[in-house]
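Step one of this worksheet: look at the structure below.
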Amino acid sequence: MALIQVNYMSRSLFRLVPVNVILPVDRFDADNDCYINGKEQKYKTLYLLHGLLGNYTDWVSQTRIQKWAEEKNLAVVMPSGDNSFYFNARTPWNDYSTFIGEELVEVTRRMFPLSDKREDTFIAGLSMGGFGALRYSAIYSETFSHVAALSSAVHIFEDTSEEANNGLFDNKAEAAASDINPWVAVENMLAEKRPVPKYYMACGTQDDLMPANIVFRDMLIEKGMDVTWDEEDYGHDWDFWDSQIKKVLDWLPL
């Protein structure tokens, strides 16, 4: 399993950005002294997002994603979203939604032998990354066919009072009414009759974010979405996310 660190100039962020890529091009058949995958193979791909305070190294350093991706013959792309909550900020050169949902998919497909089919392209994330994955799967539902959201930070719009503005949003109430809010992104996707992804959601039973995740899950189910739900006796921690990413890969159509 090749683990590749890419640094390229992002037009959305207007700076060099780091990305980790797991690519199963070096799967080796020792008996026949050859690589297993054919030269023309296009890999199914998971775009995998980190949480608040994290970066592009988190999933590789904290979980067994590299081992499991190799077993599934899956490419995994892990960018840095900083502390952006994965939306386009009003300040220049911080267009994180465009960066992940459009540019990164385009660039990595040109760099690597990745499938350009919707049914082969997936997105997932934890906490802030789960929030981002839910947004992107709705806004860019023509790109992503499956989304996995773990311990998602879908609670951040529960209080939209003026006192609740925390510096992340210029105006939290306005942000809550826009497609920055995954709830609104889902409503827009349905109203525009765009393709609808399949959902996997999970949260630890000891996690304070459990109630908000249950509410979001129930909203998706009420709207007729295909939703798989899982919970385990964990908190908001890497033990849970390591356990869950294996389940996510088992759930994906690989």
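The values are calculated or read from the model by the stated rules, or taken from the named source; none is laboratory data. A quick note: this is a predicted structure, and the numbers were derived from the prediction, not measured. As a convention, Cβ positions derive from the backbone with ideal geometry for all residues, glycine included, and neighbour counts pool all protein chains shown.
Just to be sure, is Tyr200 surrounded by 14 or more Cβ atoms within 10 Å (Cβ to Cβ) and within 30 Å of Pro92 (Cα to Cα)?
no
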Take the conditions touching a strand residue (DSSP E or B) at 6+ places or on another chain (Cβ under 8 Å) and modelled with pLDDT under 95 and apply them to Tyr47. Does it pass? no
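Can you tell me which of Phe240, Phe169 is farther than 30 Å from Tyr43 by Cβ and surrounded by 15 or more Cβ atoms within 10 Å (Cβ to Cβ)? So that I can check it myself, show each step before the final result.
Values: Phe240 fails: farther than 30 Å from Tyr43 by Cβ.
Answer to the selection: Phe169.
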Conditions (1) touching a strand residue (DSSP E or B) at 6+ places or on another chain (Cβ under 8 Å); (2) in contact (Cβ under 8 Å) with a residue 40 or more places away in the chain; (3) assigned to a loop (DSSP other than H, G, I, E, B); number of the one not met by Thr108: (3)
Of the residues Ala138, Ala133, Ala124, which is at negative phi and assigned to a strand (DSSP E or B)? Ala124
Anything in region 203-237 that is surrounded by fewer than 20 Cβ atoms within 10 Å (Cβ to Cβ) and basic (Lys, Arg)? List them, or say none. Lys223
Could you list, in sequence order, the residues of region 94-148 that are within 17 Å of Leu74 (Cα to Cα), surrounded by 24 or more Cβ atoms within 10 Å (Cβ to Cβ) and charged (D, E, K, R)? none
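Looking only at region 186-193, decide whether some residue is at pLDDT 95 or above and crowded, with 18+ Cβ neighbours inside 10 Å.
Taking every residue of region 186-193 in turn, at least one turns out to be at pLDDT 95 or above and crowded, with 18+ Cβ neighbours inside 10 Å.
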Being assigned to a helix (DSSP H, G or I), in contact (Cβ under 8 Å) with a residue 12 or more places away in the chain and among the aromatic types (Phe, Trp, Tyr): is that true of Trp183 here? yes
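Which residues, taken from region 78-93, are over 14 Å from His50 (Cβ atoms), surrounded by fewer than 19 Cβ atoms within 10 Å (Cβ to Cβ) and either touching an Asp or Glu at 6+ places or on another chain (Cβ under 9 Å) or not aromatic (Phe, Trp, Tyr) (or both)?
Selection gives Asn88, Ala89, Arg90, Thr91, Pro92.
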